[in-house]
Amino acid sequence: MVEMISTPPAEEQESLLSTIGRVTSVMSLFTRCDIGPAPDIPPGPALYAANHRSLADLLLAAVTFDSWGRPIRPLVASAYFAKPGLGRLLRRLRCIPVEGAEALDMARAELEAGWSIALMPEGRVMPPEEWRKEGVGRARTGVGRLAAEAGVPVVAVGASGTEDFWPRSSVAPRFRPWRRYPLAIRTEVIGVIDIANPRDATEVVMEVVIRCVKAADAVAAEMRNVG
């Protein structure tokens, strides 16, 4: 179980909230976002588990965290930090660079420092053929292991629409001011997971993520129909 040894410095939290606020302002020029209410969880660190269809998930995450007023730090593969432009943005968003087996240790350390973190259990941007049936691709068991060991509330997150705004095959988002892309987020609080087996814990998390994704897909589809 995670023992919170400190709380994040207030100036770091304020800096992160300021950055995600600026991302929200830019995103409003190109997207329409329906975020939904903030999850009702106790104060303190939490673990957010989301599906991963696009690199734009990180941009939508910033809009979401800004809407909730919560400084949450996503885990991102370290290779993305070397990409021009994108790497600088990831650092400004206080994303946590991870690689391989060290990812869980890094995540655990940030939770112990009092930060809430977000991760994508699928571990990579999933091609449509791998998520089209269930809404998500196959998850790795790291999220279950972390959730079982951390003892912090787990929140399932479903994101929809990012796959159109920034397709997996594109090197950049589709910036079309005359067509603001509809993006949607839906969440559900799972709570603290008291399951020792990582695979079983992962199944619990992903079952709820799938439910959230289906809800977000429905919202995004309705937004497209009316917009």
(message) For 166, 68, 131, which order do you get if you count the other beta carbons within 10 Å of each Cβ and list the fewest first?
(response) 68, 131, 166
(request) Give the span of the chain's Cα atoms along each principal axis, as three whole-Å numbers ordered largest to smallest. (result) 49, 40, 33
(request) Kindly write out, for region 49-56 in residue order, the coupling ³J(HN,Hα) from the Karplus curve 6.51 cos²θ - 1.76 cosθ + 1.60 (θ = phi - 60°), rounded to whole Hz, with x marking Gly and Pro. (result) 10, 10, 6, 9, 9, 7, 5, 5
(message) With only alpha-carbon pairs counted, each pair once and no self-pairs, how large is the Kirkwood hydrodynamic radius of region 51-146 in angstroms?
(response) 14.1
(request) Show the residues, 5+ positions off or on another chain, whose built amide H is closer than 5 Å to the amide H of residue 73. (result) 116, 117, 118
(message) Restricting everything to alpha-carbon atoms, can you work out Rg to Rh for region 2-64 with a Kirkwood hydrodynamic radius?
(response) 1.00
(request) Let me know the whole percent of all Cα-Cα pairs from region 115-225 that are separated by more than 26 Å. (result) 24
(message) Under 20 °C and 1.002 mPa s, how fast does region 1-106 diffuse according to Stokes-Einstein, given a Kirkwood radius computed over C-alpha pairs? Answer in µm²/s, whole number.
(response) 143
(request) On a C-alpha basis, how far is the centre of region 99-161 from the centre of region 1-61 in Å? Whole number, if you could? (result) 14
(request) Rounded to the nearest 0.05, what FRET efficiency do residue 7 and residue 178 give with R0 = 35 Å and r taken as the Cβ-Cβ distance? Could you check? (result) 0.20
(request) Using the number of other C-beta atoms within 10 angstrom as an exposure proxy, rank 106, 27 with the fewest first. (result) 106, 27
(request) Calculate for the chain the 222 nm mean residue ellipticity that helices alone would give, adding -39,500 (n - 2.57) per DSSP H run of length 4 or more and normalising by residue count, nearest 500 deg cm²/dmol. (result) -13500 deg cm²/dmol
(request) Please give, to one decimal in nm, the separation of the simple spin-label points placed at residue 29 and residue 106, each 7 Å out from Cα toward the Cβ. (result) 3.0
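Every read-out reported here was derived from the displayed coordinates using simple, explicitly stated rules and does not represent laboratory data. In this text, all values refer to a predicted model and were calculated from it rather than measured experimentally. Heads up, the Cβs are rebuilt from the backbone with ideal geometry, glycines too, and the neighbour counts pull from every protein chain shown.
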